[in-house]
Amino acid sequence: MADQTLKGKVAIVTGAGRGMGKAMSLAFVAAGARVAMNEVDADVLAEAANEAKAIGGNDAVLPLAADLTKEETAERLVADTIAQFGGLHIVVNNAGIGPETIRADHFINPVKFWEMDISHWRRGIAVNGTAQFLMALASVKHMTAQGWGRIINVTTSLDTMLRPGFSIYGPGKAANEAFVAIMAQELEGTGVTANVLIPGGPVNTRMFPPIGNIKREELIQPDVMAVPIVWLASDASAGWTGRRFIAGFWDATIPPEEAAAKASNPAAWPQLGGNAIMPKSAS
Ligand SMILES: NC(=O)c1ccc[n+]([C@@H]2O[C@H](COP(=O)([O-])OP(=O)(O)OC[C@H]3O[C@@H](n4cnc5c(N)ncnc54)[C@H](O)[C@@H]3O)[C@@H](O)[C@H]2O)c1
């Protein structure tokens, strides 16, 4: 059994039925946490939850099939988690959708924005940019009242936010990333931190469909998230907030604080900020 770093902690992971959400859920239960696994696809969720139960035991896992695009979902996930486990400490906003939900071969044949309609745009913004706000809103009062919380959003590489063919993805992810930077500042001193964790490149999941001769085993594998997510969710990451961590750069052979420093930068693009022309009287 892995070390029980997260014993006593309760986490919600969204999009936990497959890919990186499943990998992070399995890492959490292996580290002693109890996990509410949210997923829109009930069948894959049932399978993933069984895998998690095999590691952490039946009492460590709460499968919650629900669609995050429905605005009432976030409050229900938080309420059901607290009712079942008696607390909530960690929210991992992992669910996301990309152009693969419009066209399977989009890497070869990119989806131009004029091939989308308003329903694609709304769904992209809802899953990639609004669900994270609603989850934070539903859980923040509980976290600040207990003086401890971890909000970790999975966004994407900064260039992917601007990539042609990714209008369903990049704009929502950019909003999500900016929101983390704002949350971190507003939560300063509360004991609740907000950070971004990304893999660092294309990952061997459903989101990255088979393309040409690209070998799946050469892609980043979903469990790259396991070590950094457990550290970010733990007491050890206290004080680390407003950062974007790249899991692919995490060096598990060095002490975690050093690995965290090497694998992270400030979230979003603060180096581009401070450019606004402000009235002198505002200073
Ligand atoms: N795969 C990559 O190359 C890559 C790279 C960088 C970042 N990411 C991000 O990592 C996260 C996980 O992606 P993945 O690669 O594991 O993808 P994935 O498609 O394997 O898993 C995402 C999961 O989210 C679920 N989901 C989608 N919409 C939902 C909704 N409305 N409500 C609840 N669940 C919903 C899906 O059903 C799916 O199980 C995403 O946010 C993605 O944007 C992925």
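Read the figures in this text as sums done on the coordinates, not as results from a lab. These numbers come from a predicted model, not from an experiment. Cβ placement follows ideal geometry from the backbone for every residue including glycine, while neighbour counts extend to all protein chains displayed.
For the chain, the antiparallel share of DSSP beta bridges with both residues in that region comes to about 10%.
What does the convex hull of the alpha-carbon atoms of the chain project to on average, in nm²?
Seen from a random direction, the Cα hull of the chain projects 16.4 nm² on average.
Extension gain, LYS112 to GLN84: 0.36 nm times the residue separation minus the Cα-Cα distance gives 5.6 nm.
Can you sort SER119, SER237, SER281 so the residue with the fewest Cβ neighbours within 10 Å comes first?
Ranking SER119, SER237, SER281 by Cβ neighbours within 10 Å, fewest first, gives SER281, SER119, SER237.
Over the residues of the chain, the helix contribution to mean residue ellipticity at 222 nm works out to -10500 deg cm²/dmol, using -39500 (n - 2.57) for each DSSP H run of at least 4. In plain terms, the residue of LEU272, LEU6 with the fewest other Cβ atoms within 10 Å comes first and the most crowded comes last, giving LEU272, LEU6.
How big, in percent, is the set of alpha carbon pairs in the range 208-263 lying more than 13 Å apart? Looking at the range 208-263, the distances longer than 13 Å represent 63 percent of pairs.
Taking every alpha-carbon pair under 8 Å whose residues sit at least 6 apart, the chain reaches a relative contact order of 17 percent. Computed from backbone phi, the HN-Hα couplings of the range 211-227 come to 10, x, 9, 4, 7, 4, 6, 8, 6, 4, 9, x, 6, 4, 7, 4, 5 Hz, rounded to whole numbers (Karplus: 6.51 cos²θ - 1.76 cosθ + 1.60, θ = phi - 60°; Gly and Pro given as x). Between the range 212-281 and the range 1-75, the C-alpha centres lie 22 angstrom from each other. For VAL196, the residues whose amide H sits under 5 Å from its own are ASN153, ARG243, ARG244, PHE245, ignoring neighbours fewer than 5 places away on the same chain, with H placed 1.01 Å from N.
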